[in-house]
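Participant: Before I ask anything, here is the structure I am working with.
Bear in mind that the values in this text are calculations on the coordinates, not laboratory data. Given the structure is predicted, the values throughout are model-derived calculations rather than measurements. Counting neighbours? That spans all protein chains shown, and the Cβs are built from the backbone with ideal geometry, glycine included.
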Amino acid sequence: MGTRSVFAVSAVGSSRFTLSYMPKFRIAEAAQLLGVSDDTVRRWLDGGQLPVDRDQAGRMVIDGAALASFAQHQARPAPDPTSPLGRSARNRFVGLVTRIDTATVMTQVELQCGPYRVVSLMSSEAARELGLEPGSLVVAVVKSTQVIIETPAKAADNHG
């Protein structure tokens, strides 16, 4: 997915300048990231729900920070069917079991949580006790101290 490079130069102090990268996304890219059609993004632009700019070629682009904020506000997770207990784990994905691969000791459980495929490895005993089978409604709870973040490679002309 190609973001367009836009650099902002701002004065810092009396003689220093900073150069900051501001990603811009075309309508099709924004639609793909939001999981909607290009027409839906255009309706949001026309309705003022998303700010729109023009790139140097005159094409409509959306600021990356504005798009990220909009995506957060549009996110509507499926209702959590589990009890309303307080929890420290914030990463909860409601979904359906799609596949179970059981061995003697361990079971691999595949889930479809919205557009995401989540795979869990648990003891076969735990899988049996939960009564898991394809089509079961479940909540995947992720609590991790390590989350790896990747970014698309930037083109040579984006490095300043």
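Participant: What net charge is computed for the residues neighbouring Asp38, neighbours being all others with C-beta under 14 Å from the C-beta of Asp38, Lys and Arg scored +1, Asp and Glu -1?
Facilitator: Values: positive: Arg26, Arg42, Arg43, Arg59; negative: Glu29, Asp39, Asp46.
Net local charge, Asp38 excluded: +1.
Participant: Let me ask another. Packing-wise, with mean Cβ within 10 Å as the measure, how do 102-114, 126-138 rank, highest first?
Facilitator: Taking the mean over residues of other Cβ atoms within 10 Å, the ranking is 102-114, 126-138.
Participant: Next question. For Ile100, Ile27, which order do you get if you count the other beta carbons within 10 Å of each Cβ and list the fewest first?
Facilitator: The order, fewest Cβ neighbours first, is Ile100, Ile27.
Participant: May I pose another question? Taking K and R as +1 and D and E as -1, what net charge do the other residues with C-beta under 13 Å from the C-beta of Thr98 add up to? Intermediate results must be reported in sequence, preceding the final value.
Facilitator: Details: positive: Arg99, Arg117; negative: Asp101, Glu110, Glu133.
So the surrounding residues net to -1.
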